[in-house]
Amino acid sequence: MKKSLLAFAVASLFPMAAVADVIVYGKANVSIQHADEQAADDSQVELVSNASRIGVKGGEDINSSLKVIYQFEYQTEVDDGTNGTQTFGQRNIYLGLQGTAGTFIGGHFDTPTKVAQEKIDLFNDLEGDITQIFKGEIRASNIVQYTTPTFGGGFAGSVAYVTEENNGTTPRTGDGAGVSASFGYTSPVFYVGVAMDQDVEAEDTDLVRLVGRLNVGAFQFGLLAENYDNGIVDEDGALVSALWNLTDKWVAKAQYGQSEVKMADGETASIGVDYKMTKAATLYSYVTTVENDVIAPASQRDDTYVGVGMDFKF
Amino acid sequence: MKKLCCSLLVIWLATGGISAAFAEEECANAVDAADSMNVNQKDCDYSDKGLNGFLQKAFKKGSEGAVLNTSAEVNGEQAASKVAAEENISASREKIVLSVEVEQWANVGLAKNQLLQKVMERCSKGFNVQGETYRPLPMGRIELSLEYHCL
């Protein structure tokens, strides 16, 4: 779509007086990768759109201490233009109130447990994403959340109530609502957080997650540990990540995780290099392996992905 | 010697960490800020960044704003280039500068005519062009600025 038509179409949705409070944003992330998957007969080269999206967010002051906030974000598939049968898929969408006592939002968005991973997943949205071997990466529908204001220099907590409705994108079995909560301390140098899900994925399914990040000089180290219990399986997993800012343009990354949470002996390892062309545009490359020790042949994985891509934020 | 090197390395790493601890958090890209779902993050100004910056300029409110001709077809003209315009009003309010960006030299004449028409709309009794500036921009674009005052 011509930039002029896009600008005209988007701006026509908002009165001129409100334009200053609206932030329009998005990103296009596409990679071309060689995928060698055990489930497939042959390896193949594929073009992949990695969570490309466009969104609108903003707010309006009601008074000096209260503000309405909102966000509408949609995923688009840059590679083939469709997300199944849809052109756009819903990502985080909410409407809420923000004040000195905290923030309430309701809608369809990431649970506090999912958000708690913060920046430790260095291959987020790629084949090396932690969702390959971990659970808890839920974007829940019909969810209402309260977040405390930041206090004590960096502490904050969130608690979310996932209602009993069962018409969202997260299939929930059984009756009853779910609760997701997190609490942590965040600073540019250090982050530690703990999160839990109770009956969010399904009834009698609990998950506890512990996350930490440390930035020292040019390095960033990350750690994630998780326990999952659905009454049938009670399993653990852990992941470590490391990032090295070689220069202000070049970044080297590595990540390794082992987990029984999602599959037997699940294991993922990734290495990658990023080149920041500008603050908005990054070239990247990666090698990722995903393995498990599942008995059923159809679910066995011994996959390797080698890819290069570009991420552009606008 | 080994112990000295290790000590120096630890001190260097720690120093970098300490300085970073007191460093102010930079504004992330708008898409990353949204993805973080952190409702407590500081408000950042994206009015001049990315797509949002483009739209802000395109639909700037006020009588002096909204001079964006992104396509000849939008304005019913058959110009070959996209133009973007912004103006700066000096503190004295006597001198006004109107600027436009064009994609190539071939379109400078048309863009200049558009600017002059805008100036005439604002100066009902006529105007005096005091300066004309051409400045190179990235990707071969050119910025044309007209400095004028109304009679």
**OP:** Kindly indicate whether any position in the stretch A:107-130 is away from chain B (no Cβ under 14 Å) and over 23 Å from A:Ile271 (Cβ atoms).
**Re:** no
Original post:
Within the stretch A:255-264, can one find any residue that is touching a Lys or Arg at 6+ places or on another chain (Cβ under 8 Å) and without any contact (Cβ under 8 Å) to a residue 60 or more places away in the chain?
Top reply: no
Subject >> the stretch A:50-89, subset under 19 Å from the mean Cα position of the chain (by Cα), away from chain B (no Cβ under 14 Å) and part of a strand (DSSP E or B), residue nearest to B:Val39 (Cα to Cα) >> reply: A:Gly89
**OP:** Scan A:Leu210, A:Leu224 and give me the residue that is in contact (Cβ under 8 Å) with a residue 24 or more places away in the chain, on the phi < 0 side of the Ramachandran plot and within 17 Å of the chain's Cα centre (by Cα).
**Re:** A:Leu224
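Results for (1) modelled with pLDDT under 95; (2) within 20 Å of A:Asp129 (Cβ to Cβ); (3) part of a loop (DSSP other than H, G, I, E, B); (4) touching a His at 6+ places or on another chain (Cβ under 6 Å), shown as yes or no for each residue.
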| position | (1), (2), (3), (4) |
| --- | --- |
| A:Gly168 | yes, no, yes, no |
| A:Thr173 | yes, no, yes, no |
| A:Met196 | no, no, no, no |
| A:Glu201 | yes, yes, yes, no |
| A:Arg209 | no, yes, no, no |
| A:Ala225 | no, yes, no, no |
Subject >> Looking only at the stretch B:28-43, and only at residues there that are of a type in the set (Asp, Glu) and more than 13 Å from A:Gly58 (Cα to Cα), the one that is surrounded by the most Cβ atoms within 10 Å (Cβ to Cβ) >> reply: B:Asp35
**OP:** Considering each residue of the stretch A:131-153, count those that are facing chain B (nearest Cβ under 9 Å) and assigned to a loop (DSSP other than H, G, I, E, B), and give that number.
**Re:** 3
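Give the residue, chosen from A:Val294, A:Val273, A:Val251, A:Val290, that is surrounded by fewer than 18 Cβ atoms within 10 Å (Cβ to Cβ), assigned to a strand (DSSP E or B) and not charged (D, E, K, R). Working first, answer last.
Details: A:Val294 fails: assigned to a strand (DSSP E or B); A:Val251 fails: surrounded by fewer than 18 Cβ atoms within 10 Å (Cβ to Cβ); A:Val290 fails: surrounded by fewer than 18 Cβ atoms within 10 Å (Cβ to Cβ).
Every option except A:Val273 fails the conditions.
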Subject >> Filtered residues of the stretch A:280-314 (kept if within 22 Å of the chain's Cα centre (by Cα) and without any contact (Cβ under 8 Å) to a residue 24 or more places away in the chain) >> reply: A:Val287, A:Thr289
Original post:
Which of the residues spanning the stretch B:121-150 are surrounded by fewer than 17 Cβ atoms within 10 Å (Cβ to Cβ), among the hydrophobic types (A, V, I, L, M, F, W, C) and more than 15 Å from B:Val100 (Cβ to Cβ)?
Top reply: B:Cys123, B:Met139, B:Cys150
Original post:
Can you name the residue in the stretch A:82-116 that is under 30 Å from A:Val45 (Cα atoms) and out of contact with any Phe, Trp or Tyr (no Cβ under 8 Å at 6 or more places or on another chain) and, of all such residues, is surrounded by the most Cβ atoms within 10 Å (Cβ to Cβ)?
Top reply: A:Asn83
**OP:** Quick one: A:Val233 ticks every box in (1) of a type in the set (A, V, I, L, M, F, W, C); (2) at pLDDT 95 or above; (3) over 20 Å from the mean Cα position of the chain (by Cα) except a single one, so which number is it?
**Re:** (2)
Original post:
Are any residues in the stretch A:261-270 closer than 12 Å to A:Glu291 by Cα and part of a loop (DSSP other than H, G, I, E, B), and if so, which ones?
Top reply: A:Lys262, A:Met263, A:Ala264, A:Asp265
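The values are calculated or read from the model by the stated rules, or taken from the named source; none is laboratory data. Predicted model only: the values in this text are computed from it and were never measured. Please note: Cβ atoms are built from the backbone with ideal geometry, for glycine as well, and neighbour counts cover all protein chains shown.
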